[in-house]
Every structure is written in C-alpha cells, then in structure tokens.
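Notes follow the structure.
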Amino acid sequence: TMPNLEQTGLLRIDYEDLGVIAADRERWQSAHAALRDADPALREEIARTLLDFMRRALAIDVQYFRDDFDTLQRASEERLTGPWVLGESDRPAVGTAYPYGSRPGMERTAQFLSARGKFGKYLRRNMPDLRDVHLDDVQKVIEDLLTVLRDAYLVCEVDATPEQSGPAYRRRAGQKRTGYRVSAAALIWRAGTGERGAVDPLARTYNSGEGPRVNPFFRDLYRTAAAELAGLYAREHTAQVTPEDRLERERLFRDAELPLLYCSPTMELGVDISSLNAVLMRNVPPTPANYAQRSGRAGRSGQPALVTTYCATGNSHDQYYFRDSKKMVAGQVAPPRLDLANEDLVRSHLQGIWLAETDMRLGTAIPDVVDVAYDPEGEDRPDPQMPLPLRSEFLDRSLDEDARRRAAATARTVLAPLIADFESTTWWYDEWIEDRIERAPQEFDAAFDRWRQLFRAAVIDQYEQNKRVVDHTLSPGEQSRARSRRREAETQTNLLLNRSVDSKSVMSDFNPYRYLASEGFLPGYSFPRLPLAAYIPRSGNRRNSDGDYLQRPRFLAIREFGPGALIYHEGARYQVTRVQLPPDASGDLATAEARRCDGCGYHYAVKPGADKCTMCGAELGSKRTGLLHLHTVYTTPRERISSDEEERRRAGFRLETSYAFQDHGARKGRLTSHVTDAGGAPVLSLDYGDSATVRITNLGRVRDKGDHDGYWLDLGDGRWLNDRAAADAIEGTGMPVVDEDGNEKRRKKRVLPFVEDRRNILVVTLEEPLPEPVALSFLYALERGVEAAFELEDSELTAELLPPDEGPRRHLLFTEAAEGGAGVLRRIQHEKDALAKAARTALEICHFDPDTGEDRGGPADGERCARGCYACLLTYGNQTHHRRLSRLAARPLLAQLAGARTEREDRGESRSERFRRLAPASPSPQGTSPGTTSPRSTSPRTTSPTPVEADLAALVAQGDLLGWLRAKGYQLPDEAGVLVPEAAACPDLVFRLDGANLAVFVDVPGHEPDSTRDIEAGYRLEEQGWDVLRFSTDMDWDALADNNAAYFHLR
C-alpha cells in the first residue's frame, strides 16, 4: 500500500527515441489513417500511454523475467544479504499484451487491448478521428500502433499461451497467440523532481502541467530519512528463531554490529551482553522477578544504563503498576506460583520418572524411537494408514515390569510430601500412582500420534504432487504449483525427521524430549503444551531457508490460525489456506457433534438419554454438527494485500466457549464451595475443576453476515473456500459430477473448527442473575481484583460470561492459562477469605474505599472517573464492552463479597474410599472371610494389591471381582451385597449408571445354593428392568469386561 518511486515523482521512465519515432512519417505510412495523419506530439503521447500501460502490468521482455529467474535467484543468494535475497514468491508474474478482446474464461492477468477496453476508450477520447468510427477501426489502430513500435524495437513479439481463469485444478492452456511485451533495452530511467506523480491517463485525466498529488511523507522518507537510517536494522530473538541464528544474533549484538534486538523472554535469563546500556520493555513484566531479570540485562560491570518501561493505556496490568511503580521496580520477588495438585502436572512428572526408570535413550530425532519404514520407491501409493509403530527395543523397555515397580517406588518417595494436598482433590485415590504407571506405556505410544499424522500427510502429499509434476497433460501453471507443493512436502518430511545440516536438531520442536513435553507426556514450561502447528513454507526474509512449523497454544491458535487468518513471522506475512486432512480422506470427512447447554455453557457428547444439564438443570437444546478438530494448518505467503482486506481479516472470529468437568467415577470432577455475606445470606457458589476440558469453537468471522455458522472446506485437499469458490463445488459425497467442460466438480462440506484443552477453571454461579451490563462490570472488576491480589498478569487469567446469551446473566467462567495453573482459582474456592481479598482489591482498583465502599471519585487527585477508566475497569481486551461497563454497577456485589466467607462442600468419595466401604460386603475370596488375608495374598482385603503388584489370575481364581476391577482400573460398583426387594434378589455387586441398573453375580465353586442369587433371581431382575451379568471363575473376565465396556469403562 506504500506508493512507489514513480508515484512519488522521484522516478520517471522514458523510452529510447520515442519522440524521434513519433515524428518519423515514413514509419507510419502503412498505419491506419488516424495514426498516419495525426500530429507527431499526439502520436508520441498515445505511444507513451500504451508503453506505460504495458510496463505497469509487467509486460516487459527481459531475460530474467523469461527463463533465467532461477539463475538470478541463485546469484542473489550468493551476493546479497538476507533481506534482499530473492525467493520463489518474488518470481514475477510476467504479463503479455494481446491486440484483441478478452474471451470468457481467459486468465485475467493477461492484458487484452481491445476497442471496448480501457485503452480503446482512451483512443476514442483523445483522437478526434476515432470518435465516430466503427470499433473495428479502433482495433486496427491498436494493432498498427503495436506494429510500428515493434519495428522500432520498443516492443517485441512473443508466442504466449494464456491460461484459462478459475481455480488451479481447472486451468487449462489455451491456444497459442501472438502477444507483445515492452523491450527492456528501450527503457530509460530518469530521476524525478518529486513535484508530481506519474500520470496515468487511462485512469484519470489532468489539465496540462498537472498530475497526481504526491504524498510528501513518503517522498521525504525515500529522499532523506531512508538514507539517514541506512545501516540501522533490527532482528528478533525468540523461541521460533533457530538456535544457530539466535547465537549469531547475540554475537552481532554483543559486537555492536547489530544495533537493535527485539526479544521475547528468551533473553531474560542466561544471556550476558556486558556493553548493553539501554533496555526498553514494551509492557510491564508479569512480576518483580521478571522485571529484575529483564532490566538487569543492562548496566553490567557497574556501567550506567537506561531502563524504560512502556505502560500501555489499554492494559490493566500495565496501568496498575504505572500508578504504583514501586511495587514492580522495588517489589518483593516472590517464588513462582504453581498448582502442585494439578493432575496433568503431576502425571507428566510421574511419566518422566517412569521414562527414566526404563532407561530409554530417545536420541535427537523421533525416527530413533518410531519405525518409519515404508517403501518410498515402490510403485504403489504409500499406505495412508502406515502403522509407524514404536521400535522393538523401545516397545520392550516400555513393557518392562521391573521398571514399572521401580518407577512406582521412586514416585511414592518423590511425591510423599504432597500427598496430603492431593487428598483434598477430586482425582486422587490410594492407587493413583500405580494406575498411572500401568498406563504409561500406552500413553507413551499414543503421544506420538500427532507426529504420525503429520508424517503420513507429508509423505502422501509428496507422492501426489510428484505425480502431478510428471503429468504433462497439466498446464505449466499447474505443474509449477505441484513442484512448489512437492518442495513443501519434502521440507515438512525433513523437519519431522529432524534432518538438518545445522545444529538445530537438539532444539527442534521434533526432538523427542521437546516433542513429548509439548504433548503433555513430560513436563515442559518453556514451550506450548499440546500446540496447534502452522506450516510456514519459508522463514520470513531468509528466503533461501527451509520452511518451519510455527506452534501456538491451542486457545491462542484458534484465534491466530483460523480460516484465512494472516500470520506475521520473521518479517513476512502468510495466510492460512488449508488444514490437514487424514491422508485417506478421499470421500466424506468425519466430523463430530456435541451439545452445549443454553443455560450455563456446559459441554456434552451426544448420547441417548442425555437431555438435561447436570450443572444447571436446564433442558439441552439441539446438537451442533460438523465440528472439525483442528490440529495442523498450512499457509501460503501473502506479499501483496490491500489494507481493507487486512483490516477485515484482523477483525477476528466469533468464538464460543464450552466446558466440562472431568468426573472420576462416582466422584464429581469439581469441588464446590458456597459463599455467604457477613449476615449469612447466600451470595454465590464456586465450582472448581483442576483439569476441566475447555472447548473453543470458531463459528465464523465477526463481520460475516450469513445465515449459517461455519466455513466451507474442500474435501479434496483441505482448502478453505470463499463464497465464490464454494458456489462452484457440490456438497456431500456420492457419484462424481462433471461440469460442461468435463472437469469433475469439487466436493465441499461446512465445518466448525474447534480446539480443546484441559485447564484449571472456576465457574461462579450467582444467587440472583444480574442484567448483562452489571454482570460484565462485576466480571471485569473481579478479574482485575484477582490479578492484582495474587500478582497475575493479564494473560494468566481469562474471564467471560457464560450463557444464556440474552437476558440476565448468572454464570461466569474464570480460566487459568498456564500449564498446571498458578493455583489461584483453587485458593479462591478452597480458602475462606481468598475471594473476599480479591473483592476488596477490586473495590480499591475501582476507586472505592474497601472498608466503607465510599466513592473516591478517581485514580488520583484531580483525575475523575465517572463510569470507568483504564486505571480500573477498561482494558484493550474488553473495549467492545466499554459502553456497557460501570464501576458503580459492580460496587454492590463487590461490597457484599468484601466481608464474605467461603465454605467448602465435601469432595465426595474417592475410589480408594469406595473400595474400603464395599470390601466388607462384597463376596469374599474362596476360603476366607471379609477383612482376612487370602492364602494367596500377602495383604488384607481392604488394601488390595496395586496394578503393578496384582496377580490377576489369583483374583479370578478366588472369585474376587471387586479386587480384580480395582487392579484393572475399571469402574467400581456403587453397592455390594444389597437386597433388591422387588425382585427378591441379592446381587453381589450393583452398578447404578445413567439410565440403567446393572446387577452382577459372581459364581464361585463351593458356595451354598441361594434363591436370591440363582438363575431365577437374575430373571426376576430382568423383569424389573435390570441388566444382569454373571462372572464365574472359569470364564475369561477380560473378554467379558471388554464386551460390556459401557459398564466397566476405563477411567
């Protein structure tokens, strides 16, 4: 969108001897009379206009535009520095001018010079002899003009084959035509005065001596400022920059060859630049510890330094510390906050212990662990479902029973100091460590599934594009695009295999240890957990470099990597154009469906009988279909884009949040507390979950005005389709459909992209619903209070209103963003006065006295705040709600909470507690009494062996189904040995499930006959609507459990 040198009047392009050629009557003798008899000055003007018109469309005959661009590109790599190196995207789209009109279906980039077109209208407007003649005469003038210019060597003839227009897969080469291009040798470059811009008489006419107005800012920038700033350049220093580039940039910066470095927190620790004398922070760091580290980069060895911190107006965190900077600059450095009782966090450390005990050495590349053997040279298409199993040595080590026992013992020792904290959670039970160790081999194998999907997709894409490259029935344009896609697939494969000629293999995202950390199998704090990746075909201005996978946390990626979104990376711009489809998705695309409660936003899988929300009791509405789980997206460079389109794409998406707590058997996956005010009146309730599932669904663009949610997806190659392209495709699957040209029509499907992850969440349910503006004001005020009271940055905590989407609001959702969380939401639910502390801080931030509620009027003397300001409620993130926010509206509820007390509900029965309750009443092992020790067991019945220690065959032989279910990690029953009066039956175990009751009988040899347990008792239960199962010691209990997985599903 910046004007070029010609538009700013600093450059003029002339044509060699054009005035002499126009005045030479001999050259025009065979031309149309209108040209032959025209004034030489008019002929020169017309010829110049045509040459300018062709030149600006790049219809220029130059060697490097024709065939030798690859040579020029290689020369630029050898002789130019990074920003000036030519890449594939710099390959010019060479134009060709044709002396006839365009035909339907022809490529729009060709330049057609017709009597009805822009240049023809210009001729009739400026040549009096052509105003009343037939259009054929005007066309003849155009042809004769090109002939004269050709004979004068100002233009040259070329044989070109214009392609048909339309999507790439439908383009076909047309008939060869004679076209024209400006001769590069005839161009004369002259310096301009900058007084007027280049005139384009085809677009607009000007009076004599006038021309387009010059933008003085860009003219002066090109003239003076650009020269003054020559040599001043900057580089970025982030985790996305390869390690060798980071080290090189640190060296250049240390030697003062690189004067300016833009850094993420990668420069915060461990990098010493002794001569650094200035640090500028673009925002206030999260904590005083971060501030001390970042500001400490400057002023080493006793040298003076300048540290500047920019406090953004729209950032509540920045504004808070701008008002009270001492808390940041000279604040107390507190220890890091981690929720050590977070299940996902503890599990990842536990799996790290297990991995160490197996003594596996994972190497530096995933193929060291996963067998990637397939036949790339084979004639057949690679198997889209190539298994890619673990290598045998790693599989054997992962199944080592001794390693499991050692890991369980080590983990018990390591976690012993924390078990008291774990016992207050919803997920902990006595055998949790052993259960997780038992499942570690399967989790280890499954952690590589995302890599397997990426590898399969890259291999299949490389194979398919190679077939297109050698298919000579395709047009040159299609073959060129296929070559580009093949190069991308090859680069993707090399990245996934971690094959590199440099030193980045250890720090690659596909180093096995880093990859397992990003998948959540191992702990990892310095890079995204469970990321969503975007493939970048090349790294910014390093255009001779390989591509890369850019990874973002899922909840950030659903915003940044949405359909058509623009991504800025290493100084370049890319657009998301397609998603990864399963390699064999040749037909319909499998999508999911779900329900979301319209009353509170709770998420449900679609299943029979689930018609009422268990969270708020509301009836569930219709299901949402076409849900597409996003994993990997692909981008293409966007070098040129209008500011209007860029602004539209930045407007964002309509995102919908839903959540679900992770229940643990009979125990709900949430901890509940009730909050009462100083007088004992209920105010609100708090529901906390430490590993709740949060889902964000992309419903469409904010500015889209359509009747349907979602986006059209091409089922063939995963491309996002705009409305025009979608109109040419057909929906659904079935028999192929061809158009009038014999081309098979593309298949499309409307989908809703979504991502989900596990987070610490807190759902606040108000005793009385509030009008939406009041609820919003309270939400943002409480969020500010929590952040300030517990020293959280804006990005560490998010808050939003939950449904209903219209009318008064009652439900609020708070989410901790960091892996494992900061433990703040747990404290608010757990501690009696934590919420009151946050409310008092919120009152103070909103300019009220926290003790009396008196309005202080504003942030400081002389500064008044009416409804809200950036020192209290307003932030950049909530600017769409600014008109509805009022600190006065939030005050009553905040004042009520300032003296409130929080009381916890009982957390429910754990798995271990349930076993201890049921064990005395369940059928005893053969030959023993409840609570005694079995002859084949070394421990009392109420401390059943763990999965690592259990002799499952002995439990089956004893008829100990309860102990067997516990050792296997299956669902435990709700009751044991209870009488069902209506059936006069006494099953050994009873499961009470949603919509079903299950009675289980265990038949052990030697038991006395009993009419309450015999076959007839089972029939009587079935007549009463019960499901009945029988286990006996001579049956295969594993097969029986697998066949009835709905009852005995794994946790």
Breaking point among (1) modelled with pLDDT of 90 or more; (2) out of contact with any His (no Cβ under 6 Å at 6 or more places or on another chain); (3) assigned to a loop (DSSP other than H, G, I, E, B), for residue 600: (2)
Any chance residue 343 is modelled with pLDDT under 90, exposed (fewer than 15 other Cβ atoms within 10 Å of the Cβ) and not polar (S, T, N, Q): no
Candidate set: the range 792-841, residues that are among the acidic types (Asp, Glu) and in contact with a Leu (Cβ under 8 Å, 6 or more places away or on another chain); chosen: the one modelled with the lowest pLDDT: 819
First in the range 454-465 and assigned by TED's automatic domain parsing to the domain that holds residue 487, second anywhere and of a type in the set (A, V, I, L, M, F, W, C) and in a helix (DSSP H, G or I), Cβ under 7 Å, 6 or more apart: 454/496; 455/496; 458/489; 458/496; 461/489; 462/489; 465/482; 465/489
Residue ID - surrounded by the most Cβ atoms within 10 Å (Cβ to Cβ), chosen from residues in the range 650-677 that are modelled with pLDDT of 90 or more and small (Gly, Ala, Ser): 658
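A quick yes/no check of all residues on (1) touching a Ser or Thr at 6+ places or on another chain (Cβ under 8 Å); (2) under 13 Å from residue 790 (Cβ atoms):
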| position | (1), (2) |
| --- | --- |
| 809 | no, no |
| 813 | yes, no |
| 822 | no, yes |
| 835 | yes, yes |
| 850 | yes, no |
| 853 | no, no |
| 867 | yes, no |
| 870 | yes, no |
Matching residues in the range 470-483 - criterion: being buried (at least 18 other Cβ atoms within 10 Å of the Cβ) and free of Cβ contacts under 8 Å to residues at least 24 places away in the same chain: 474, 482
Every residue from the range 874-905 that is over 38 Å from the mean Cα position of the chain (by Cα) and without any contact (Cβ under 8 Å) to a residue 24 or more places away in the chain: 892
Check on residue 778, buried (at least 22 other Cβ atoms within 10 Å of the Cβ) and closer than 30 Å to residue 867 by Cα: yes
Residue that is farthest from residue 412 (Cα to Cα), among those in the range 434-472 that are acidic (Asp, Glu) and part of a helix (DSSP H, G or I): 464
Residue, farthest from the chain's Cα centre (by Cα), within the range 991-1043, restricted to residues that are within 19 Å of residue 958 (Cβ to Cβ) and assigned to a strand (DSSP E or B): 1003
Single residue of the range 726-769 satisfying the filter (in a strand (DSSP E or B) and at pLDDT below 80) that is nearest to the chain's Cα centre (by Cα): 731
Residue count for the range 678-708, restricted to those that are surrounded by fewer than 17 Cβ atoms within 10 Å (Cβ to Cβ) and either of a type outside the set (Gly, Ala, Ser) or within 29 Å of the chain's Cα centre (by Cα) (or both): 8
Single match in 556, 581, 550 (criterion: outside the structural domain of residue 355 (by TED's automatic domain parsing), closer than 29 Å to residue 343 by Cα and modelled with pLDDT under 85): 550
Residue ID - farthest from residue 631 (Cα to Cα), chosen from residues in the range 444-484 that are among the β-branched types (Val, Ile, Thr) and out of contact with any Lys or Arg (no Cβ under 6 Å at 6 or more places or on another chain): 473
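The values are calculated or read from the model by the stated rules, or taken from the named source; none is laboratory data. Being a predicted model, the structure only gives us computed values, none of them experimental. Here Cβ is always computed from backbone atoms with ideal geometry, including for glycine, and neighbour counts include all displayed protein chains.
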